[in-house]
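The values are calculated or read from the model by the stated rules, or taken from the named source; none is laboratory data. This structure is a prediction, so every number in the text was calculated from the model and none was measured. Cβ: placed from backbone, ideal geometry, glycine included. Neighbour counts: every protein chain shown.
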Amino acid sequence: MDVSQPWATAAEIAAAVTSGRTSALAVTEAALARITELNPTLNAFTAVTAQRARTRAGAIDALRGKRPPGPLAGVPFAVKNLFDIAGLATVAGSKINRAHPPAPKDSPLIERLEAAGAVLVGALNMGEYAYDFTGENIHDGPSRNPHDLARMTGGSSGGSGGAVAGGLVPIALGSDTNGSIRVPSSLCGIFGLKPTYGRLTRARSFPFVASLDHLGPFARSVRDLALAYDVMQGPDADDPACAQRATEPATPVLERGIEGLRIAVAGGYFRQGAFPEALKAIDLVAKALGAVEEIEIPQAHRARAAAYVITATEGAALHLDRLRKQARDFDPAVRDRLIAGAMVPSTLVVKAQKFRRWYRERVLELFTRCDVILAPATPCTAPKIGQQNFMLGGAELPVRANMGLYTQPISFIGLPVVAVPVPLQPLPIGVQIITAPWREDIALRVAYALEQMGAVAAPRPSLKPSLKVPA
Amino acid sequence: MAIPPDQLDEFIAAAARALEIPLDPEWKPAVKSNLDVTLKHAAVVAEFEMPDDAEPAPIFKA
């Protein structure tokens, strides 16, 4: 395996760097060259930290023969541009934050990945302030789907989806408040992990909705996803929501298989409105796992409604001062949603938070009867860039607000999910593997088993720098 | 709680004043449309009966 080629996995790169078959610097140069070649087409990166990456790679190579360079030795990665990167302003997809001073320190998740030997190569495009499911950005232009450049990556972690699916990096980080890891994973045909709420520290990342914000990794293989996840775990006093919980590594248990696991398929709400391709994907995954039981997640539509309300109002509270003073500098689509959110009476928000606890208790009861619940990740494959509306369950609805139909009722109560890509033609689509809180290990085991069976895989797009970006 | 769409303009104008958000008239249709959708979602939640002692989800730990 030539680990300088774009489809090398993080595990293969780390093994080659650790054994001395290649150097971290050579891998880094190959990644930087691929980014230079393809980013004008994909628009995944908003900043490339080339000098920093070369310095870091050189330091890893200098360790050879002295101490082990770490489980991600020489692995290039990039982060959604809401993560603090020392020396860069944390723009969070906005124009407004470009005036912020450079971040003094890296996000702890970057620090933890680099402590494991990984090499940061840049910051990634995203929907403004993460209030988006499309991957479009009015200031930086849209992220483009590597499988069809005229189509959306999904968002808000759009650059993360495009960079990993396009083979620019094997690992990227994103955030997920309502589906912003799982939606781009689905539309770009890659693996994404939204861990349990409170599992990974959110310190030194630009927030959106404190009640619902999660951070997590993307990758093209389950092992890579688990490797990145494992090294990022651990408590952090700088994030009040981060659990005081010891690291629970998933990599060592990946190969345990699915025997003994009770796997059910979410029915009712999670089949309504789904396009045929979403139903086909979930049926394929269920069949591969031998899952026949259908389970009803109670009041899922209300959970989605409550997540919608909490998002609109907490997001508005976060941005209220900017809405007062700099409203014209927002993406109008984000601004108008946030202004509306500011006007929602607070009594209704408290109701939504009360319902959240009720719903959590009901859903946790389901996990006494099953270990895994399968659900679609998105209602459809990637829509065209610029597409405003789609038909969902007989109603014409905005794409921007509704791609998270199936992800919102799950992140609403912080359940861990691995989004797995089903390589349908012409476009891939994802399925959510949902488990009880703190059981990321089970979701990753199931994803790994599916990958071994060939039921899920990250398809490799044909990308050439000469490809014309659609007007 | 759902406000009939024909009464939302008044509500939006009052709320913008209370919140000190300068609202360009051109933005009002989109704000109105978004507020209408959000309030409908809120109504779906609010109509669900819960006991008086139902605790909200976030717990502050001193």
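Worth pointing out:
- Yes/no for A:Pro459 being in a loop (DSSP other than H, G, I, E, B), within 18 Å of the chain's Cα centre (by Cα), within 30 Å of A:Asn39 (Cβ to Cβ) and not hydrophobic (A, V, I, L, M, F, W, C): yes
- Residue match in the stretch B:41-50 (condition: surrounded by 11 or more Cβ atoms within 10 Å (Cβ to Cβ), under 21 Å from A:Arg324 (Cα atoms) and facing another protein chain (nearest Cβ under 8 Å)): no
- Residue among A:Leu397, A:Leu323 that alone is within 13 Å of chain B (Cβ to nearest Cβ) and assigned to a strand (DSSP E or B): A:Leu397
- Subset of the stretch A:214-246 [within 21 Å of A:Leu187 (Cα to Cα), among the charged types (D, E, K, R) and assigned to a loop (DSSP other than H, G, I, E, B)]: A:Arg220
- Test result for B:Ala54, within 30 Å of A:Gly414 (Cα to Cα), touching a residue at least 40 places away in the same chain (Cβ under 8 Å) and either more than 8 Å from chain A (Cβ to nearest Cβ) or surrounded by 11 or more Cβ atoms within 10 Å (Cβ to Cβ) (or both): no
- The single residue among A:Leu187, A:Leu168, A:Leu173 that is in a strand (DSSP E or B), out of contact with any Asp or Glu (no Cβ under 8 Å at 6 or more places or on another chain) and at pLDDT 95 or above turns out to be A:Leu173.
- Set A:Arg64, A:Arg52, A:Arg21: member being not in a loop (DSSP other than H, G, I, E, B) and not aliphatic (A, V, I, L, M): A:Arg52
- Taking the stretch B:2-40 as the range and being in contact (Cβ under 8 Å) with a residue 40 or more places away in the chain and facing chain A (nearest Cβ under 8 Å) as the test, no residue passes.
- Taking (1) of a type in the set (Ser, Thr, Tyr); (2) buried (at least 17 other Cβ atoms within 10 Å of the Cβ); (3) over 23 Å from A:Arg360 (Cα atoms) in turn, B:Thr38 satisfies each apart from (3).
- Enumeration of residues in the stretch A:444-456 that are in contact with a helix residue (DSSP H, G or I) (Cβ under 8 Å, 6 or more places away or on another chain) and part of a helix (DSSP H, G or I): A:Leu444, A:Arg445, A:Val446, A:Ala447, A:Tyr448, A:Ala449, A:Leu450, A:Glu451, A:Met453
- The C-beta contact set for the stretch A:115-127 (first residue within 15 Å of A:Thr18 (Cβ to Cβ) and in contact (Cβ under 8 Å) with a residue 24 or more places away in the chain, second residue part of a strand (DSSP E or B) and not charged (D, E, K, R), distance under 8 angstrom, 6+ apart or interchain) comprises A:Ala118/A:Pro76; A:Ala118/A:Phe77; A:Ala118/A:Ile171; A:Val119/A:Pro76; A:Val119/A:Phe77.
- The residue list A:Val309, A:Val349 contains one member that is touching a residue at least 12 places away in the same chain (Cβ under 8 Å) and under 23 Å from A:Gly393 (Cα atoms), which is A:Val309.
- Scanning the stretch A:339-351 for residues that are touching a helix residue (DSSP H, G or I) at 6+ places or on another chain (Cβ under 6 Å), in a helix (DSSP H, G or I) and within 7 Å of chain B (Cβ to nearest Cβ), we see that the one that is nearest to A:Ala286 (Cα to Cα) is A:Lys351.
- Selected residue (only one of A:Gly162, A:Gly174 is crowded, with 24+ Cβ neighbours inside 10 Å and under 24 Å from A:Asp236 (Cβ atoms)): A:Gly174
- Residue among A:Ala303, A:Ala333 that is buried (at least 17 other Cβ atoms within 10 Å of the Cβ), within 23 Å of A:Thr381 (Cβ to Cβ), touching a Phe, Trp or Tyr at 6+ places or on another chain (Cβ under 9 Å) and within 13 Å of chain B (Cβ to nearest Cβ): A:Ala333
- Cross-chain or 6+ apart pairs with Cβ under 6 Å, the stretch A:352-380 first and within 13 Å of another protein chain (Cβ to nearest Cβ) and closer than 17 Å to A:Tyr308 by Cα, then buried (at least 23 other Cβ atoms within 10 Å of the Cβ) and of a type in the set (Val, Ile, Thr): A:Ala352/A:Val309; A:Ala352/A:Ile310; A:Ala352/B:Val45; A:Phe355/B:Val45
- Of all residues in the stretch A:26-83 being touching a Lys or Arg at 6+ places or on another chain (Cβ under 7 Å) and more than 22 Å from A:Arg223 (Cα to Cα), the one that is surrounded by the fewest Cβ atoms within 10 Å (Cβ to Cβ): A:Thr41
- Just one residue in the set A:Gln432, A:Gln425 is of a type outside the set (Asp, Glu) and either without any contact (Cβ under 8 Å) to a residue 24 or more places away in the chain or part of a loop (DSSP other than H, G, I, E, B) (or both); that residue is A:Gln425.
- For the stretch A:247-284, filtering for residues that are under 24 Å from A:Pro428 (Cβ atoms), touching a residue at least 60 places away in the same chain (Cβ under 8 Å) and in a helix (DSSP H, G or I) leaves 10.
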